[in-house]
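Q: If you scroll down you'll find the structure; I have some questions about it.
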Amino acid sequence: MREIYIRKLHYEEARIKLEREIQDAFVEGEKYIEIVHGIGEGILKKMTIDYVDSQDFLKLVERPEFLRSNPGTTMVEILGPSNEILRKYIK
């Protein structure tokens, strides 16, 4: 599982990094990513959730509070082709 760390970044820097790293994870066939945005005022968490909601191939993973390793993270499932299918097209 890939971890994307956007904590302590300015909003625009975090958005650009989030988009780029999610695209990389998709191309590499990752199934789940954990986005570390921190707690703070919730600005980066809201940006993360808004971005995930705007993409067809992403889905928020709901986890019970007691299973969360860190309350400053959001788990996302990538709904895409499997590694085997990707290997056919990427060589």
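The values are calculated or read from the model by the stated rules, or taken from the named source; none is laboratory data. Bear in mind that the values here come from a model prediction, so they are computed numbers and not experimental data. Because the Cβ atoms are built from the backbone with ideal geometry, glycine has one as well, and the counts that use them run over all protein chains shown.
Q: Does I33 meet the test of being surrounded by 14 or more Cβ atoms within 10 Å (Cβ to Cβ), of a type outside the set (S, T, N, Q), in contact (Cβ under 8 Å) with a residue 24 or more places away in the chain and closer than 15 Å to E3 by Cα?
A: yes
Q: Sticking with this one: Looking at G42, is it at positive phi and either free of Cβ contacts under 8 Å to residues at least 24 places away in the same chain or touching a Phe, Trp or Tyr at 6+ places or on another chain (Cβ under 9 Å) (or both)?
A: For G42, the condition - at positive phi and either free of Cβ contacts under 8 Å to residues at least 24 places away in the same chain or touching a Phe, Trp or Tyr at 6+ places or on another chain (Cβ under 9 Å) (or both) - is met.
Q: So, of the residues in the stretch 5-31 that are of a type in the set (A, V, I, L, M) and more than 13 Å from the chain's Cα centre (by Cα), which turns out to be modelled with the highest pLDDT?
A: Applying the filter and picking the extreme gives L9.
Q: Which members of the stretch 32-60 meet the condition of being of a type in the set (D, E, K, R) and over 10 Å from the mean Cα position of the chain (by Cα)?
A: Within the stretch 32-60, E41, K45, K46, D50, D53, D56 meet the criteria.
Q: Does any residue in the stretch 1-16 that is touching a residue at least 40 places away in the same chain (Cβ under 8 Å) come within less than 9 Å, Cβ to Cβ, of a residue that is among the β-branched types (V, I, T) and part of a helix (DSSP H, G or I) six or more places away or on a different chain, and which pairs are these?
A: I6/T48
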